[in-house]
Each structure stands twice: as C-alpha cells, then as structure tokens.
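Trainee: Encoded as structure tokens, here's the structure I'll be asking about.
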Amino acid sequence: MAGAAVLSSATYVPSQIVLGFAWSCLYVGSLKCVTETNDEKSTASGLLQSVIAVSGVIGPVIAAILYAIWPSYFPVLFNAFVMSIISFIIFGLTSPKASELVRTPFVTPVQS
C-alpha cells in the first residue's frame, strides 16, 4: 500500500487524478507568473525549472529526516503544509505584481 489513507484502487486513482490536476494548475500558474513578471522570459523559466529540480532532491531528504525523527506521516505532511503557507505569505509580501496577476483577465476584450 502507498499509505494509510489509501484503502483500495477506488480511492487511489481519484486521489492521483486530483493530485495531477493540482500540480498542472500550480505549474502553469507559476510559469505564467514568472514569464509575465520578468523581461527575460527564457531565463526566468529556466530558473523555475532549476528550482523545481532542486526541490525534487531537497524535499525527500527533509521528509526522510522528519520521518526518522518522528516515524509517522503526519509530521511530514504538516511540514509540507507549513512550508506552503510560508511560501504563499512570502510571495504575497514580496511580489509587486501579485495583486495585478489576480485581477488580469485571461482574454483581452477586442475593441471594434
């Protein structure tokens, strides 16, 4: 079994679908934010890919350390929750265009 919350494939498959949808929304949104707020779009998207790759290495190391200290999945998931909230707050405080990105429409109206 993949985890204690997964009882069967009836719960595993839908949870993976939701997780995939959430990741794709996060990735597209962060790529949109990075490319719209920087003049050098390819450099900014390359740095985003680098940060994603580095976090793919550091994240499991932190999770393994937490799991070695507290052998339960709750501290690992709680740490992920806390780090997500902290990063959301840092983004909101440091991004000058964060409020503009929320209000910009996806489709620009055509003037006739």
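Each reported figure results from applying straightforward, stated rules to the coordinates on display, with no laboratory input. This is a predicted model, so every value here is computed, not measured.
Trainee: Each residue of region 27-35 in turn: what ³J(HN,Hα) in whole Hz from Karplus with 6.51, -1.76, 1.60 and θ = phi - 60°, glycine and Pro shown as x?
Mentor: Those phi angles translate into 5, 5, x, 5, 5, 5, 5, 5, 6 Hz.
Trainee: Would you grab the residues whose amide H sits under 5 Å from the one on Trp70? Only those 5+ places off in sequence or on another chain, please, with H modelled 1.01 Å from N.
Mentor: Hits under the 5 Å cutoff: none.
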